[in-house]
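Some notes on the structure that comes next.
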Amino acid sequence: MKNIPVIMIIFGGSGDLAHRKLYPSLFNLYEQGLIHDNFAVIGTARRPWSHEYLREQVSDAIHETHDQVDENEVKAFASHFYYQSHDVTNVEHYVTLKKLAQELDDRYSAQGNCLFYMAMAPRFFGTIATHINDQHLTGSGFNRIVVEKPFGHDLVSAEQLNKEITASFDENDIFRIDHYLGKEMIQNIMPMRFTNPLIKNIWSGEYIKNIQITLAERLGVEARGGYYDTSGALRDMVQNHIFQIITLLAMPEPKDLSSDSVHQAKQELLKSLIIPTPEEVKKNFVRGQYLGSDTTFAYKKEPNVDPDSTTETYVAGKTKFTSGPIAGVPIYFRTGKEFKEKKTRIDIVLKHINNPYGQAHSNNITIEVDPESKIYITINGKKIDEPGIRREDLTYAFSKEEMAKVPDGYERLLHDVFVNDSTNFTHWSELKRYWEFIDAVEDAWQKENEAGNPEIAQYLPYRMGPKEADNIFESPTEHWIYE
């Protein structure tokens, strides 16, 4: 790997994301030589830290995530970190920040390359972007910005934020990050689809009955009640993670693996995304809230949650496209809190075929993303000692040794930012289409709320969500594969 010269400014440098994910990932890239001699990182936040204190925090973050490290390497890496106490609403602080960035650019020969990372509360994203522009923080080399989710609260706010960011950065320099696109099995979707004739040749409505996506969370909202009550499962999980997965499953094959070609294929698909009407929302979507138990609060009794809240902790729904290889195939999804276990999986349900055995089932393809990483195909075969058909799984999985080599999603995606590969990031045209879909559902729900008759299913914790979600399937013979 080459040593990329760059000054990186992390807005939110004292926060949890920086400590748990960014600093350990940057250390791994440092050890690999992607960044090494000609880089510096400025952490900014309100706290009155010193350079030395930030370096201690960086060192602690590395020790917390690495079993064995070379202490000299850790010390050398941490020496590249600097701290600037910063109020993102104070214009004068940007002047001070610019001065420090220029000093470090000269000291480390960073060639005017700047990388800005927004790792703080989303409400400040627009303010930061505006002041990067009006205080001319960008350098004379490349200028890139990484924006965490959520990118807006709805289409209107997303458009406003995009306008503020594009005042300083070109679309190709904006990296809207979603760590799900850095996960090993999410990155396996395209190779699985396009390199296996067995799978590629049946990837159509002729053979696929439906696709099911489950993002199950074991925990409730816990300390995030104040934030979550303004968001909900639809905005928090469907607008980003689930739609990223849906797009990879439904997109046409790109002409090559370049970033431009992959995004062109995604954009071609999303033009045909069917935006649901209020009637379709009522029929094809379910929202719910978890109840309490002996060991957990009900959602409405969680700290900082409105006791009359209509915010959903669970959502199930359906999407369809009018073009692409699986045009017309229903893609069902569900996500929520207080499930029986933490699990992310995708089930591609194939159609039954006529056969002389009668009792044979369809061959389903399952991709398990978390906590295990594997793909398996369920096939039918003969029972050994009695008449009939048995089911077996053909499994593609990693050994423990291989799993130990799998980089964290943030490490992968930070690497891509440094080398200017935007394949696994979201372009504005894609994000805009996601928000159009989400807004249509939210608007239908809001009308229900205003009419005083919101349909919000209640479900017991540590199970699979509300039973009403079984009713969104197009056929009475369809059901959730993962139970």
Candidates SER399, SER373, filtered to the one that is closer than 30 Å to HIS361 by Cα, small (Gly, Ala, Ser) and surrounded by 14 or more Cβ atoms within 10 Å (Cβ to Cβ): SER373
Yes/no for THR313 being touching a residue at least 12 places away in the same chain (Cβ under 8 Å), buried (at least 17 other Cβ atoms within 10 Å of the Cβ) and not acidic (Asp, Glu): yes
Residue among ARG412, ARG390, ARG433 that alone is without any contact (Cβ under 8 Å) to a residue 40 or more places away in the chain and assigned by TED's automatic domain parsing to the domain that holds ASN363: ARG390
Selection status of PRO461, out of contact with any Leu (no Cβ under 6 Å at 6 or more places or on another chain) and over 30 Å from ASP173 (Cβ atoms): yes
Whichever residue in segment 126-143 is part of a helix (DSSP H, G or I) and touching a helix residue (DSSP H, G or I) at 6+ places or on another chain (Cβ under 6 Å) and, among such residues, is surrounded by the most Cβ atoms within 10 Å (Cβ to Cβ): ALA129
Pairs, first touching a residue at least 12 places away in the same chain (Cβ under 8 Å) in segment 347-364, second of a type in the set (D, E, K, R) and in a loop (DSSP other than H, G, I, E, B), C-beta under 9 Å, six or more apart: VAL349/GLU478; LYS351/GLU206; SER362/LYS351
Those residues of segment 94-108 which are over 22 Å from VAL58 (Cβ atoms) and out of contact with any helix residue (DSSP H, G or I) (no Cβ under 6 Å at 6 or more places or on another chain), in sequence order: VAL95, LYS98, LYS99, GLN102, ASP106
Enumeration of residues in segment 78-113 that are in contact with a strand residue (DSSP E or B) (Cβ under 6 Å, 6 or more places away or on another chain), surrounded by 17 or more Cβ atoms within 10 Å (Cβ to Cβ) and assigned to a helix (DSSP H, G or I): LEU97, LEU100, ALA101, LEU104, ASP105
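Taking the options GLU222, GLU253, GLU217, GLU268, name whichever one is under 30 Å from PHE175 (Cα atoms), charged (D, E, K, R), touching a strand residue (DSSP E or B) at 6+ places or on another chain (Cβ under 7 Å) and in the same structural domain as ALA327 (by TED's automatic domain parsing). Steps first, answer last, please.
Working: GLU222 fails: touching a strand residue (DSSP E or B) at 6+ places or on another chain (Cβ under 7 Å); GLU253 fails: touching a strand residue (DSSP E or B) at 6+ places or on another chain (Cβ under 7 Å); GLU268 fails: touching a strand residue (DSSP E or B) at 6+ places or on another chain (Cβ under 7 Å).
Within the list GLU222, GLU253, GLU217, GLU268, the selection yields GLU217.
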Total residues in segment 362-379, condition part of a strand (DSSP E or B) and either at pLDDT below 90 or within 15 Å of THR344 (Cα to Cα) (or both): 9
Flag if HIS66 is within 29 Å of the chain's Cα centre (by Cα), at pLDDT below 95 and of a type outside the set (Val, Ile, Thr): yes
Some residue of segment 55-65 being surrounded by fewer than 17 Cβ atoms within 10 Å (Cβ to Cβ), assigned to a helix (DSSP H, G or I) and of a type in the set (S, T, N, Q): no
Some residue of segment 26-42 being modelled with pLDDT of 95 or more, assigned to a helix (DSSP H, G or I), more than 22 Å from HIS179 (Cα to Cα) and out of contact with any helix residue (DSSP H, G or I) (no Cβ under 9 Å at 6 or more places or on another chain): no
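Inside segment 255-359, counting only strands (runs of 3 or more DSSP E) that do not spill past its ends, which hold 1 or more residues that are touching a Leu at 6+ places or on another chain (Cβ under 7 Å)?
314-319, 331-336, 343-350
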Checking SER168 against (1) free of Cβ contacts under 8 Å to residues at least 60 places away in the same chain; (2) farther than 24 Å from VAL262 by Cα; (3) assigned to a helix (DSSP H, G or I), the condition it does not meet: (3)
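The values are calculated or read from the model by the stated rules, or taken from the named source; none is laboratory data. For clarity, every value in this text was computed on a predicted model and none was experimentally measured. Counting neighbours? That spans all protein chains shown, and the Cβs are built from the backbone with ideal geometry, glycine included.
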